[in-house]
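Accompanying notes for the structure given below.
The values are calculated or read from the model by the stated rules, or taken from the named source; none is laboratory data. Keep in mind it's a predicted model, so treat the numbers as computed, not measured. So basically every Cβ, Gly included, is an ideal-geometry build from the backbone, and we count neighbours across all protein chains shown.
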Amino acid sequence: MSERVALVTGGASGIGAACAKRLVADGLKVVIADKNEAAAVEVAAELGCGHVIADLATRAGCAAAVSATVESAGGLDVLVVNAGYQHLDALVDFPEERWDDMLALMLTGPFLLTKYAWEALKRTGSGRIIYMGSAHSLTASPFKGAYVAAKHGVVGLARVAALEGGKDGITANVVAPAYVRTPLVEAQVLDQARTRNLAPAEVESKVFLEHAAIKRMLEPADVAGLVSYLASAAAWGVTGSVQSIDLGWSAG
C-alpha cells in the first residue's frame, strides 16, 4: 500500500503543528500549508514533512495548497482544515473588513479546500476531511460574531460533504475543542480582559474554563489525538459528526 498523504492547513503553529506532528508519527506523508513562511519552514524541517506557503483566505491560496500537495506527494488522502484566528469586538463595533477576512479564511476557505481536494480524496476510496471547529461550533459567546458564525457554518459544510462523499468513501467531520493552550489563545488574554472588564490573570479561570466541567486547559496534542483517530481506517463509519473535545462545555 502506498504511503497516505495529509495536508494540514495552518500547520506552522498551535493545533495545526500538533496535528502535523501526530500524523507524521502515524506514518503519513504530511504537507503543511501556512502563510507564515519562516514558521512553516521551521516546522517542516523539524518534522521532516513538506510545506507550501499559501494565503488560505484566497482562492489562489487554497488551490495552490491542494495542487502543491498532490503534485509533490503524489496524492491526497487526508485534508485537515485548521487555519484560523480570532478577533473580539461587540457586533456593532466589529470592523467590517475583519469580518470579511475571517469568513474568507474560516468558512469560504474550508469550502474551497474541500472543492479543490475532492477529486484527489475520491480517488483514494477512503478520503478523510477533518474540519477544525470549536465549542463555538455548538454554542456562542459574546464579542465573537465572525468566529462563531464561521464555526457554526463549518458544521453545515461538513454535513453536506459527508452526505455527498459517502458513496465514494469520503468522510467529513468537525473536531470541536474548548480553549486550547496555543499562541492564538494566549494572545486573546488582553482582549478578553478588555471586553469583559477583568484582570488578565483572571481570564483563564473566568473565561477560558468558565463553562468547562474539567477545569484544565487542553493542549494541542490532545486535539491532535482525536484528529489522528478520524484520519485512521478505524473511523471509516464516523461521518457528518461533531466530535466534541470541550471538557464538558456543551453538556451544560
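Laid out as a table, the results:
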{"read-out": "Residue match in the stretch 2-25 (condition: more than 26 Å from LEU218 (Cα to Cα), surrounded by 23 or more Cβ atoms within 10 Å (Cβ to Cβ) and not acidic (Asp, Glu))", "value": "yes"}
{"read-out": "Unique match (being surrounded by 13 or more Cβ atoms within 10 Å (Cβ to Cβ) and without any contact (Cβ under 8 Å) to a residue 12 or more places away in the chain) among GLU210, GLU204, GLU219", "value": "GLU210"}
{"read-out": "Test: residue in the stretch 94-109 that is over 12 Å from the mean Cα position of the chain (by Cα) and among the aromatic types (Phe, Trp, Tyr)", "value": "yes"}
{"read-out": "Residue match in the stretch 121-142 (condition: in the same structural domain as HIS87 (by TED's automatic domain parsing), among the small types (Gly, Ala, Ser) and assigned to a helix (DSSP H, G or I))", "value": "yes"}
{"read-out": "Within the stretch 26-44, considering residues that are in contact with a Gly (Cβ under 8 Å, 6 or more places away or on another chain) and not hydrophobic (A, V, I, L, M, F, W, C), the one surrounded by the most Cβ atoms within 10 Å (Cβ to Cβ)", "value": "ASP34"}
{"read-out": "Pair list, Cβ < 8 Å and 6+ apart or interchain, from the stretch 179-198 residues that are within 17 Å of LYS151 (Cβ to Cβ) and surrounded by fewer than 16 Cβ atoms within 10 Å (Cβ to Cβ) to residues that are at pLDDT below 85 and not small (Gly, Ala, Ser)", "value": "none"}
{"read-out": "Which numbered condition ALA83 fails, given (1) touching a Ser or Thr at 6+ places or on another chain (Cβ under 6 Å); (2) free of Cβ contacts under 8 Å to residues at least 24 places away in the same chain; (3) aliphatic (A, V, I, L, M)", "value": "(2)"}
{"read-out": "Residue that is farthest from GLY252 (Cα to Cα) [pool: residues in the stretch 179-215 that are in a helix (DSSP H, G or I) and hydroxyl-bearing (Ser, Thr, Tyr)]", "value": "THR195"}
{"read-out": "Odd one out for GLY109 among (1) under 16 Å from LEU28 (Cβ atoms); (2) not in a strand (DSSP E or B)", "value": "(1)"}
{"read-out": "Unmet criterion (only one of (1) hydroxyl-bearing (Ser, Thr, Tyr); (2) under 21 Å from LEU23 (Cβ atoms); (3) in contact (Cβ under 8 Å) with a residue 24 or more places away in the chain) for TYR229", "value": "(3)"}
{"read-out": "Some residue of the stretch 109-121 being farther than 30 Å from ASP191 by Cβ and acidic (Asp, Glu)", "value": "yes"}
{"read-out": "Test for THR124: is it under 14 Å from ASN82 (Cα atoms) and either more than 21 Å from the chain's Cα centre (by Cα) or at pLDDT below 95 (or both)", "value": "no"}
